[in-house]
Every structure is written in C-alpha cells, then in structure tokens.
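Here's the structure, in structure tokens; my notes come after.
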Amino acid sequence: MVTAPARPVGIVGAGIVGLAVARQLAGSGVPVVVFEKESAVAQHQSGRNSGVVHAGIYYAPGSAKALMCRRGVELLRAYCSDRGLVWNALGKLVVARDDAETERLRELERRSLANGVPGGRWLNPAALAELAPGVAGKAAPVSPPQAIVRYPAPPLPPGGCGRPGSPAPLRTLRSRPSPRSPADNAVRRVP
Ligand SMILES: Cc1cc2nc3c(=O)[nH]c(=O)nc-3n(C[C@H](O)[C@H](O)[C@H](O)COP(=O)(O)OP(=O)(O)OC[C@H]3O[C@@H](n4cnc5c(N)ncnc54)[C@H](O)[C@@H]3O)c2cc1C
C-alpha cells in the first residue's frame, strides 16, 4: 500500500527500468512523470539489446540476481502473453570447445539446477550435432526456457503503461539536468 504524494513522482529516463518503476507506481495510484531526453522511449540500451530473456543459468544460487532473474522471467512471460507481445522460446545452447570450457559449463549446469531453471539438458557431441548441425563442440548444456522478446515492445504496450481502462499515466519530456531548477526535480524541458 503506497500513500499517494500530493505532487507527481519524477522519474528520469524512459528505458525499461524507469518505465517499469513508473508503471508499478502508477498502478498503485501514485502520479508519475517520466522525464526523457530523447524524443521517444527505449532509445538506448532498452531498445538496442539482444532481446534475450535470461533464464537464470549464470547467477550464483541464492543471490538477489538469481532470485530476481527467475521471478522476472515468469512476470515478463505473463506480461507478454497478456498483451500478445512476442515471446519466442527458442532455448539456448552454450557450447564448450575443449575440456577447460566443459568444466566451466559444469558449473553453469550446477547453478541452473540450484536456481530451479526447468528443463536443462546436457548434450554430448553426437546429441549436439543432431540438434544443431554445423555446430561443433565437446559438450553443450541446453536451456529450453531461454526466450527472445522485443524489449522495445514491452515498454510500449497498446493503451499505455497503466492498468487497463486508466488514463495513460506517463508523459515523456525531453529534459536535461539543470542546477538552476532544483524545485523542478532537477530537470527541465529543453526548448
Ligand atoms: C549491447 C547490449 C546487449 C544487451 N543484451 C541484453 C539481453 O539480451 N537481455 C537482457 O536482459 N539485457 C540485455 N542488456 C542489458 C539491458 O539492455 C539493460 O540492462 C537495460 O536496458 C537497462 O535499462 P535502463 O532503463 O536502465 O537503461 P536505458 O535503456 O539506457 O534507459 C536510460 C534512459 O535514460 C535517459 N536519460 C539519461 N539521462 C537523462 C537525463 N538527464 N534526462 C532525461 N533522460 C535521461 C536515456 O535517454 C535513456 O532513454 C544488454 C545491454 C547492452 C548494452
């Protein structure tokens, strides 16, 4: 339960992090204004990344990253499903070329199991060649839940970022830090 402040909360940056925070606050009834220096959202990392939804095979078991990654996959899958956004569960192969790399991938396999990533399998060279002809390696763990999304799409669902039926709670403003306007949340509009 969040007590709504009298003035809107200002969030600087309309990437996926700023927009996700704004959406969460707006969904709790807190008025928000997102300040963005570009003329559209997701113009930097959020709109120019590889689109991989990490399944949780890399992070140390029990760490905040591992826990948030696992929970985030499920939240993002539901979010994309509700809105008809791309969710392409291609899976991911991580290929070891020699014994040293195979050893390191055993650690990823251990982390994957400990983090509760479902459906992991360990492929030997014959199984790898069958699944991915043309890829040569000593071994390869495969992580079936790994998916591809279009990250610029999640921040821009049809109907805005608020709850269905609510007025769009976000405005994006081209802005920049201004030491002369501290009362204006330290940002102001660029003419
Ligand atoms: C090459 C690459 C590939 C990646 N691949 C993946 C991947 O496959 N999967 C994955 O999960 N993650 C991936 N990531 C990481 C992921 O893209 C980032 O963690 C995420 O997009 C960060 O979001 P953000 O909102 O913090 O930053 P950004 O998306 O960069 O947003 C920051 C925003 O703040 C704005 N801004 C900055 N200063 C001001 C100001 N003074 N006033 C107003 N606005 C301002 C910027 O214009 C920008 O829009 C990748 C990153 C890179 C670089």
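Each reported figure results from applying straightforward, stated rules to the coordinates on display, with no laboratory input. Keep in mind it's a predicted model, so treat the numbers as computed, not measured. Quick reminder, even Gly has a Cβ in these numbers, built from the backbone with ideal geometry, and neighbours come from all protein chains shown.
Using 1/(1 + (r/R0)^6) with R0 = 25 angstrom and r between the beta carbons of residue 49 and residue 121, what's the FRET efficiency to the nearest 0.05?
0.40
Ranked by the mean number of other Cβ atoms within 10 Å of their residues, highest first, the peptides 79-89, 105-115 fall in the order 105-115, 79-89. For the pair residue 30 and residue 101, how long in nm is the line joining their label points, each one 7 Å along Cα→Cβ? The answer from the label model is 4.5 nm.
Give the lysines whose C-alpha is closer than 28 Å to that of residue 92, dropping any in the same chain fewer than 8 places away, or say none. Output for residue 92: 65, 138.
Averaged over residues, the count of other Cβ atoms within 10 Å places the peptides 8-20, 120-132, 35-47 in the sequence 8-20, 35-47, 120-132, highest first.
Give, in nm to one decimal, the length gained when the segment between residue 40 and residue 6 is fully stretched (0.36 nm per residue of separation minus the Cα-Cα distance).
On the way: separation 34, 0.36 × 34 = 12.24 nm, distance 2.73 nm.
Result: 9.5 nm gained on full extension.
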